[in-house]
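Asks: I have a structure I would like to understand better, so I am pasting it below and will then ask my questions one at a time.
FYI, it's all coordinate maths here, none of it is from the lab. This one's a predicted model, so the numbers in the text were calculated from it and none came from an experiment. With ideal geometry, Cβ positions are generated from the backbone for all residues, glycine too; neighbour counts draw on all protein chains shown.
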Amino acid sequence: MIFEKTKLKDAYIVKLEKLVDDRGFFARSWCKKEFADLDLVNECVQTNLSFNIHKGTLRGMHYQAEPFGEVKLVRCIKGAIYDVIIDLRKESDTYLKWLGVELNEDNRDMLYIPKGFAHGFLTLEKNTEVFYQMSEFYQPDAARGFRHDDPAFNIKWPEKVNEISEKDETWPIFEKNDF
C-alpha cells in the first residue's frame, strides 16, 4: 500500500500497490503492520456498507463524541463519491480545515480518517456503494453532526445535493464553542 499525506494533519489517501499481470492485478488493501509502522490506528472492530440509489445523495457531516471517537478507512467499491473530512481537533494545526477527494471504483483509493474528524460524502453516480472499516463500535447516543452547507466550513461540493436525510438536513450549524 502507498500512504499519501494530505493537507490535513494525520489524514492519508491510501493507494493500492498493484501487482499486475495478464489476469488483472493483486493488491493488499489492509495490513495491520503497515498501518502500525506509520503509527496509524490499526484496529478494525466493525465494517459498514452504504448503498446509495441516487446520484447526488449526501450523507454527513458525522462524527462520534468522545470517548467514542472513531478512526475510519473509507473506500468506494462501486460508483463514485466526493468524500469530505473536517479536522475538529482543537489542538491540531489544521483545526476546522476540510479536504474533499474523489473515491471511486476505478481509482480504488481509500481515505484514512483519524479520530476527531467529521466525515460525509456526496454520491457522484447512481447505485454507489461505500465500504467503511471502523476502529470503534457505533454508539447511537454519541452520534453528532452538523450541516453539509455550514458557512463555518464553506465546503465546495462538486454537484447538487438531491437526496439527504431529515436528520442530516437538520443538524445544527457548527459553532466553535459547541464542540
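Asks: Given a cut-off of under 8 Å on Cα pairs at least six residues apart, what relative contact order in percent is computed for the stretch 2-178? Provide the component values of the computation, followed by the final result.
Replies: Details: 397 pairs, mean separation 52.2, N = 177.
Dividing the mean separation by the residue count of the stretch 2-178 yields 30 percent.
Asks: Check cross-link reach from Lys5 to the lysines: straight Cα distance under 27 Å, and skip same-chain residues fewer than eight apart.
Replies: Leaving aside lysines fewer than 8 places away in the same chain, those within reach of Lys5 are Lys15, Lys18, Lys32, Lys33, Lys72, Lys78, Lys90, Lys97, Lys115, Lys156, Lys176.
Asks: Would you mind telling me which residue in Lys126, Lys78, Lys156 has the biggest mean-square fluctuation in a Gaussian network model of the chain, where springs connect alpha carbons within a distance under 10 angstrom?
Replies: Judging by the Gaussian network model, the answer is Lys156.
Asks: What is the set of long-range amide H partners of Glu163 at a cut-off below 5 Å, with H atoms built 1.01 Å from backbone N?
Replies: Under 5 Å from the amide H of Glu163: Thr57, Leu58.
Asks: Dipole magnitude of the stretch 63-104 about its Cα centre, charges +1 at Lys/Arg Cβ and -1 at Asp/Glu Cβ only, in debye to the nearest 20?
Replies: 160 debye
Asks: Rank-order 132-144, 97-109 by packing density, defined as the average count of other C-beta atoms within 10 Å over each peptide's residues, highest first.
Replies: With the highest mean Cβ count within 10 Å placed first, the list reads 97-109, 132-144.
Asks: Right, another one. List every residue whose amide H lies under 5 Å from the amide H of Val71, counting only residues 5 or more places away in sequence or on a different chain, with H placed 1.01 Å from N in the peptide plane.
Replies: Close amide H contacts, sequence-distant or interchain: Ser135, Glu136.
Asks: May I pose another question? Quick one: 3J(HN,Hα) in Hz for the stretch 88-99, Karplus 6.51/-1.76/1.60 with θ = phi - 60°, rounded, Gly and Pro as x.
Replies: Here the 3J(HN,Hα) series is 9, 7, 4, 7, 7, 5, 10, 3, 6, 8, 10, 9 Hz.
Asks: In a GNM of the chain with a 10 Å cut-off on Cα contacts, which of Phe117, Phe68, Phe35 has the highest mean-square fluctuation?
Replies: Phe35
Asks: Could you list the residues of the stretch 3-26 with an amide nitrogen less than 17 Å from a label point located 7 Å from the Cα of Asn107 in the Cα-to-C-beta direction?
Replies: So the set is 3-8, 11-18.
Asks: A further question follows. Within the stretch 69-99, list the residues whose amide N lies under 18 Å from a label point set 7 Å along Cα→Cβ of Asn154.
Replies: 85-87, 94-99
Asks: Which of the aspartates and glutamates could be linked to Lys7 by a straight reach, that is with a Cα gap under 12 Å, when you skip same-chain ones fewer than 8 residues away?
Replies: Those aspartates and glutamates meeting the cut-off are Asp87, Asp93.
Asks: Something else about it: Would you pull out the residues with amide H under 5 Å of Glu125's amide H, same chain only if 5 or more places away, H placed 1.01 Å from N?
Replies: So Glu125 has HN proximity to Gly56, Ala80.
Asks: I've got another one for you. What FRET efficiency would be calculated for the residue pair Glu169, Lys7, taking the C-beta separation as r and a Förster radius of 22 Å, to the nearest 0.05?
Replies: Calculated transfer efficiency: 0.20.
Asks: When Cys44, Cys31, Cys76 are ordered from fewest to most other Cβ atoms inside 10 Å of their Cβ, what list results?
Replies: Cys31, Cys44, Cys76
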